[in-house]
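The values are calculated or read from the model by the stated rules, or taken from the named source; none is laboratory data. This one's a predicted model, so the numbers in the text were calculated from it and none came from an experiment. Cβ sites come from the backbone with ideal geometry, for glycine too, and all protein chains shown count toward neighbours. Please note that ligands, DNA and RNA were not included when accessible areas were found on the heavy atoms of the full protein model with its side chains. Shrake-Rupley method; radii C 1.70, N 1.55, O 1.52, S 1.80 Å.
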There are 4 protein chains.
Amino acid sequence: MCKRIQDSFDRQGLMAHLGARIAHIGPGRVHIELPARPEVTQQHGYFHAGAISAIADSAGGYAAYTLFPGNTDVLTVEYKINLLAPAVGDVVEAVGTVVKSGRTLTVCQLEVFAVRDGRRKLVAAGQQTLIRVDGSGR
Amino acid sequence: MCKRIQDSFDRQGLMAHLGARIAHIGPGRVHIELPARPEVTQQHGYFHAGAISAIADSAGGYAAYTLFPGNTDVLTVEYKINLLAPAVGDVVEAVGTVVKSGRTLTVCQLEVFAVRDGRRKLVAAGQQTLIRVDGSGR
Amino acid sequence: MCKRIQDSFDRQGLMAHLGARIAHIGPGRVHIELPARPEVTQQHGYFHAGAISAIADSAGGYAAYTLFPGNTDVLTVEYKINLLAPAVGDVVEAVGTVVKSGRTLTVCQLEVFAVRDGRRKLVAAGQQTLIRVDGSGR
Amino acid sequence: MCKRIQDSFDRQGLMAHLGARIAHIGPGRVHIELPARPEVTQQHGYFHAGAISAIADSAGGYAAYTLFPGNTDVLTVEYKINLLAPAVGDVVEAVGTVVKSGRTLTVCQLEVFAVRDGRRKLVAAGQQTLIRVDGSGR
């Protein structure tokens, strides 16, 4: 499971370009970390909502993918995310957790924490719908 | 109005890092373009949902900002986005349009088109809530 | 098409209980009206967000259904709705419009207008994802 | 706190009309129950998504309201809800829980459970944004 997910992640040009990395893979849960750097900021120097959303979306997608059989693929149908607080810190960590895994559709909870001096603060929360696509074996 | 928005945009490290640029600024409407390059792809070589969302969020934010007085700032409260089709093309263009501009909150419609050989296809659609923050004069 | 939708609507206990009625059925678009009465209000006497959402969800669901073959059914996967203004008036009208109709999933735009002395005002806007379920022939 | 919320709830014509009642009030958390009856069903006899959303929205709104000072009011800005499974049972229970309580905006998690023969099943999950309005003292 881990290899399949890491391989897919490594083919995502955007994740490498942002500097994101997988921090945890478990059944129905994946964490993705993004260290602070000027290339992922908005106009005030905080983490950009777009970067936060990108890793949240990926964390949820791979969380769903952990529960899928091998010869399948996952696509994001939609997601909704609230930006709760300015994302300031050394790193942000997105946690995707499967809430409901169905035959066709999966729903995930998305949480993003900013980590600063070892303390974690919830800076974004969302909910995501994904669809399983059969037969690709990508 | 245009200068204020372009200046803010230019301070967003993420937008430069992705290669995004403002394509249009009008009252209540902003377009942001992102050319295709490996750095903005997902595992199948399409534009990554995270990149699409990032420019959609920025387009909506700046669309709201066009209607705000000078000494204010805008923050994304939340947004929801549906990925409607694989985003394949030479460039994707995000269009943010103000649906309702209130004293405190603004709601925008988000649309993202993939442009391929001169044809535009809607690949994502969403809705966003933003809040006006007074007094920053950033 | 119209009969199939009206028949399904007539089996929804909630729509009758609220006093809602179908006002328009066209390909990919359905309007549902709800007249003002104390039974559909919130604590200030405006239309309740729950009543507004209920007719918006139904309008979108039936809009999707207009484009489906006969032996199928439609289910709401999720929706997001912004309440833009207090809903005051003689009637509220929800308009569901198909944005993207796929083989499995359909995405609709949702709009709700309050009508007062003949003038329409947009009081809610949303976006909805629906899934086609085959073989029911209900 | 409880009296203030119960009084407001009792003024919501829709909640009485549906047959909903408050089942629990705690700091940052409110439960609302809706017993099964034909008046709250959709075309297959399940609880209607509109009824489920209505009590979820109210549960979140009152959860936010428990943390507000007396002379204020709460309005739903927007919410997003996923319908996870057909809602079949003797009663559905919506649980609204505050995730982030800010000066102006509050974000709540929404969960709806169907209770059947004493067993609870998650049938809907969502996320909601609310705004505090000062000075009404309604």
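Annotations for the structure displayed:
- Distance from the A-onto-D rotation axis is smallest for the Cβ of the chain A residue given, in whole Å, as A:LYS80, 2.
- Exercise: per-residue mean of other protein chain Cβ atoms within 10 Å, C:121-130: 4
- Other copies of A:HIS24: label-to-label distances in nm, shortest first, labels 7 Å along the beta-carbon direction: 2.5, 4.5, 5.1
- Summed residue charge, Cβ within 12 Å of B:ILE81's Cβ, Lys/Arg positive, Asp/Glu negative: -1
- Computed magnitude of the charge dipole of the stretch B:2-134 (debye, nearest 20; Cβ of K, R +1, Cβ of D, E -1): 280
- Straight-distance crosslink candidates among lysines, where the alpha carbon sits under 30 Å from C:LYS80 and sequence neighbours closer than 8 are dropped: A:LYS80, A:LYS100, A:LYS121, B:LYS80, B:LYS100, B:LYS121, C:LYS3, C:LYS100, C:LYS121, D:LYS80, D:LYS100, D:LYS121
- Per-residue ellipticity at 222 nm, computed for the protein assembly as shown from helices alone with -39500 (n - 2.57) per DSSP H run of at least four residues, works out to -7000 deg cm²/dmol.
- Angle of helix D:49-65 to the longest C-alpha principal axis of chain D, folded into 0 to 90 degrees and rounded to 10: 30°.
- Only Cα pairs under 8 Å and 6+ residues apart enter the sum, and on that basis the relative contact order of chain C stands at 25 percent.
- Take each residue in B:1-13, count the other chain C-beta atoms within 10 Å of its C-beta, and the mean is 2.
- Nearest-first distances (nm) between copies at C:ASP10, label 7 Å from Cα via Cβ: 4.1, 6.2, 6.6
- Interface B:A - total buried accessible surface [probe 1.4 Å, Å², rounded to 100]: 2700
- Bins of 5 Å from zero: percent of alpha-carbon pairs in chain B: 2, 11, 22, 23, 20, 12, 6, 3, 1, 0
- The same position C:ARG116 in the other copies lies at 4.3, 4.3, 4.7 nm from this copy, comparing label points 7 Å beyond Cα toward the beta-carbon, shortest first.
- The stretch C:1-59, relative contact order in percent, only Cα pairs under 8 angstrom and at least six apart counted: 25
- Residue-averaged beta-carbon neighbours from other chains (10 angstrom radius) around A:22-28: 0
- Protein accessible area in chain B, 1.4 Å probe - carbon and sulfur %: 51
- Applying a DSSP loop filter and a limit of 15 other Cβ atoms within 10 Å to the trypsin sites (Lys or Arg not before Pro) in the stretch B:64-137 leaves B:ARG103.
- Summary of the geometry: the stretch A:46-117 and the stretch A:1-44, compared by the centres of their Cα atoms, lie 10 Å apart.
- Karplus-derived HN-Hα couplings along the stretch C:76-86 (A = 6.51, B = -1.76, C = 1.60, θ = phi - 60°), whole Hz, x at Gly and Pro: 6, 7, 6, 8, 10, 9, 9, 8, 8, 7, x
- For the protein assembly as shown, the equivalent ellipsoid derived from the alpha-carbon gyration tensor has semi-axes of 35, 27, 24 Å in decreasing order.
- 1.4 Å probe accessible area per residue over the protein assembly as shown, in Å²: 37
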